[in-house]
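Remarks on the structure that follows.
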Amino acid sequence: MYKKVLTLLTSLFVSTMLLAYTDAEITRLEADMLKYFDSNDIDTFFKITNKLKEASKDTGRERLFYLAWGNQAQFEATQQDYMKAFSIVDQIQNYAKAENSVYGLYLALHTKAMVLLQKQDYALAEQAFLEALKFRHAHFPKESGGDDLQELMKIANHRKDGPAAMKYARQLVDEPNVAPIHKGRGLYQLSQGAFKKNDTTEFNRIYDQMMELKKSDGIAALKPIVEVNHFIINGEYEEALKIVDQLDPDIAAERKAVIYHRMGDDANAYKYMQVYKSVSDSIVRVSHGNVVASCYVQMNNERLQKEQQVLEIKNGRLRLRWYVTVAASMIIILVLLLYRHRKTIKLLQINNKRLTFENKDAAKALEDLAELSFYDVKEELPLIDMVNVNRLGNSLTAHAQSRCSKGVTMAYSTVLPDDFEIYTNHDALKKLLELLIDNAVRINHEGMIVLSCEEINDKIRFGIADTTPDPNNKYKSRFIGMFSEKNNKLHYVGMTFKISESICRLLKGNSWFDRTYTKGTRLYVEIPKDPEVLLLDEESNG
């Protein structure tokens with residue numbers, strides 16, 4: 001029972017640890033994929049993503065499988081190897097068609113759009129993102145198309161198409177089950193539009209939504225420019241000036257020009273407008289570099305999230321291991337307590353059994369002592385009963401057979417005729433023979449016990465013999481002695497020899513061991529067939 005409990009607990013513990021390790025390993029691979037995305041180590045990146053694809057496929061994580069594959073295409077695009085990138089997109093699309101994977105087909109469309117964006121083919125990229133968004137809405141109506149909409153918003157901003165950017169931003173905010181980070185980006189775009197229109201009511205409504213999102217979903221602190229715009233549009237110019245320097249130099253200069261203009265300080269407004277133009281002209285802006293950098297930032301953010309997940313999984317594993325350890329310890333303690341309790345009960349049972357035997361031994365000793373006293377105090381017994389020897393012998397051995405151990409045979413052997421009779425004390429003779437037979441039955445567990453009877457001159461000789469070898473007189477000692485030693489303890493075995501000696505004396509007979517008998521142990525008892533005749537012979541000889 002205890003081994004089964006411990007085996008079950010160990011099995012549960014090991015299977016739980018293996019499952020948690022598999023989850024952590026896959027998440028670790030995701031984090032490494034995002035880590036190496038912004039590196040030039042193409043071999044390591046493809047090794048990690050191929051391993052992630054294999055692990056995802058084995059565990060049935062379809063979306064992660066296609067996501068890892070799609071990242072391989074985007075990685076080639078960041079290395080400006082667009083032919084390889086589009087080749088991987090075609091492989092994804094063909095594989096998804098063969099596997100009837102709807103998500104795989106969507107991922108192929110989305111990845112194609114990302115490659116076109118990195119290639120700076122904005123018109124085709126916008127068309128591809130719109131196609132991917134349409135496909136996603138058609139096949140996954142309950143899911144957000146935030147990934148595609150935020151890229152469409154970026155393209156509109158690049159084309160300086162304010163209305164289009166605002167349209168995509170509103171659509172992004174209203175998407176079903178939109179991710180908080182995507183909603184935050186949409187709200188930021190809408191806040192910029194409201195600020196440019198100087199629409200205080202609309203800006204504050206959007207600002208409140210951003211603050212609520214920050215509070216409810218743990219979105220990171222608002223961009224400093226939103227806070228600056230909030231102070232400016234609400235006329236809190238001094239507060240705006242306190243934090244405006246947190247912005248990039250060109251944006252900070254432009255916002256200072258706006259602040260001073262609204263405060264009526266046109267001199268400072270003109271001054272910072274000149275600074276803004278100077279800084280803007282000195283900054284080299286490369287569109288492709290911006291797109292790639294944006295992609296790197298997004299990948300890095302996702303990598304940090306995955307690394308956080310790895311830490312959470314590891315912490316979860318540690319907590320789980322702690323819980324299992326505590327539970328295992330409690331179960332082990334319980335098992336030990338149950339084992340100790342069971343052992344105590346068994347010990348009590350053994351002690352009770354020993355006490356029962358000892359009580360029986362004591363009772364038998366009080367009975368044997370009384371019987372010995374009964375015969376020992378008498379000077380003589382009436383020897384006037386006519387006893388049929390063979391009838392008594394057959395009766396006693398037949399009755400004793402039922403008490404013999406399995407494998408022990410009890411027999412009566414005689415050379416006397418069936419009608420042969422003697423004068424003696426019937427009860428005393430019967431008791432004497434019962435004592436000898438009972439002792440033989442008690443100490444023999446195999447072979448044969450024989451009660452014999454023969455006539456020797458004017459006497460009758462009874463023999464009780466067994467076929468159990470007794471080289472060290474072990475059984476003979478148990479017959480003669482009152483106690484035997486076992487496990488360094490004395491055990492009462494009876495007063496058979498003492499009582500039989502007393503009875504023999506009263507029957508005018510004697511007893512002795514046959515030293516010539518080698519098959520086992522044999523004891524002889526000899527009594528007169530007619531005590532009166534024996535007495536007369538003794539008197540005449542005297």
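For the range 50-78, what are the residues that are exposed (fewer than 15 other Cβ atoms within 10 Å of the Cβ) and of a type outside the set (Lys, Arg)?
Passing the criteria: Asn50, Glu54, Asp58, Thr59, Gly60.
Is it true that Ile181 is buried (at least 21 other Cβ atoms within 10 Å of the Cβ) and of a type outside the set (S, T, N, Q)?
no
Residue check: is Asn351 out of contact with any helix residue (DSSP H, G or I) (no Cβ under 9 Å at 6 or more places or on another chain), closer than 30 Å to Lys529 by Cβ and either open to solvent by less than 50 Å² (accessible area, probe 1.4 Å) or at pLDDT below 75 (or both)?
Spelling it out, it is not the case that Asn351 is out of contact with any helix residue (DSSP H, G or I) (no Cβ under 9 Å at 6 or more places or on another chain), closer than 30 Å to Lys529 by Cβ and either open to solvent by less than 50 Å² (accessible area, probe 1.4 Å) or at pLDDT below 75 (or both).
Can you name every residue in the range 422-444 that is closer than 15 Å to Asn394 by Cα and among the β-branched types (Val, Ile, Thr)?
Ile437
Quick one: which of Phe479, Phe483, Phe497 is among the aromatic types (Phe, Trp, Tyr), under 23 Å from Gly407 (Cβ atoms) and at pLDDT below 90? Even if it seems obvious, please write down each step before you answer.
Numbers: Phe483 fails: under 23 Å from Gly407 (Cβ atoms); Phe497 fails: under 23 Å from Gly407 (Cβ atoms).
The unique qualifying residue is Phe479.
Table: residues versus (1) more than 26 Å from Thr111 (Cβ to Cβ); (2) modelled with pLDDT under 90.
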position: Gly146; (1), (2): no, no
position: His158; (1), (2): no, yes
position: Ala164; (1), (2): no, no
position: Ala169; (1), (2): no, no
position: Phe195; (1), (2): yes, no
position: Asp208; (1), (2): yes, no
position: Asp217; (1), (2): yes, yes
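Can Tyr517 be described as in contact with a Phe, Trp or Tyr (Cβ under 6 Å, 6 or more places away or on another chain) and either modelled with pLDDT under 90 or not hydrophobic (A, V, I, L, M, F, W, C) (or both)?
Here the answer is no, as Tyr517 does not meet what is asked.
Does Ser191 meet the test of being in a helix (DSSP H, G or I) and buried (at least 19 other Cβ atoms within 10 Å of the Cβ)?
Yes.
Please pick out the residue among Val178, Val244, Val279 that is touching a residue at least 24 places away in the same chain (Cβ under 8 Å) and more than 30 Å from Pro141 (Cβ to Cβ).
Numbers: Val178 fails: more than 30 Å from Pro141 (Cβ to Cβ); Val244 fails: touching a residue at least 24 places away in the same chain (Cβ under 8 Å).
Testing whether each residue is touching a residue at least 24 places away in the same chain (Cβ under 8 Å) and more than 30 Å from Pro141 (Cβ to Cβ) leaves just Val279.
Considering each of Leu369, Leu429, Leu392, Leu383 in turn, give the residue that is under 25 Å from Arg505 (Cβ atoms) and touching a Ser or Thr at 6+ places or on another chain (Cβ under 8 Å).
Leu383
Mind checking which residues of the range 237-290 are at pLDDT 85 or above, part of a loop (DSSP other than H, G, I, E, B) and either open to solvent by 60 Å² or more (accessible area, probe 1.4 Å) or at positive phi (or both)? Reasoning before the result, please.
The first filter runs over the range 237-290 and keeps only residues at pLDDT 85 or above, leaving 237-276.
Next cut, part of a loop (DSSP other than H, G, I, E, B) only: 247-248, 263-265.
Listed by number, the residues that qualify are Asp248, Met263, Gly264.
Pairs please, first residue from the range 386-397 and touching a residue at least 24 places away in the same chain (Cβ under 8 Å), second anywhere and among the basic types (Lys, Arg), Cβ atoms under 9 Å, 6+ apart in sequence or on different chains.
Short answer, once both residue conditions are applied: Val387/Lys430; Val389/Lys529; Leu392/Lys430; Leu396/Lys430.
The values are calculated or read from the model by the stated rules, or taken from the named source; none is laboratory data. Computed from a predicted structure; not experimentally measured. Neighbour counts are summed over all protein chains in view; Cβ atoms, including those assigned to glycine, are modelled from backbone coordinates with ideal geometry. Heavy atoms of the whole protein, side chains included, go into the accessibility calculation; ligands, DNA and RNA do not. Shrake-Rupley method; radii C 1.70, N 1.55, O 1.52, S 1.80 Å.
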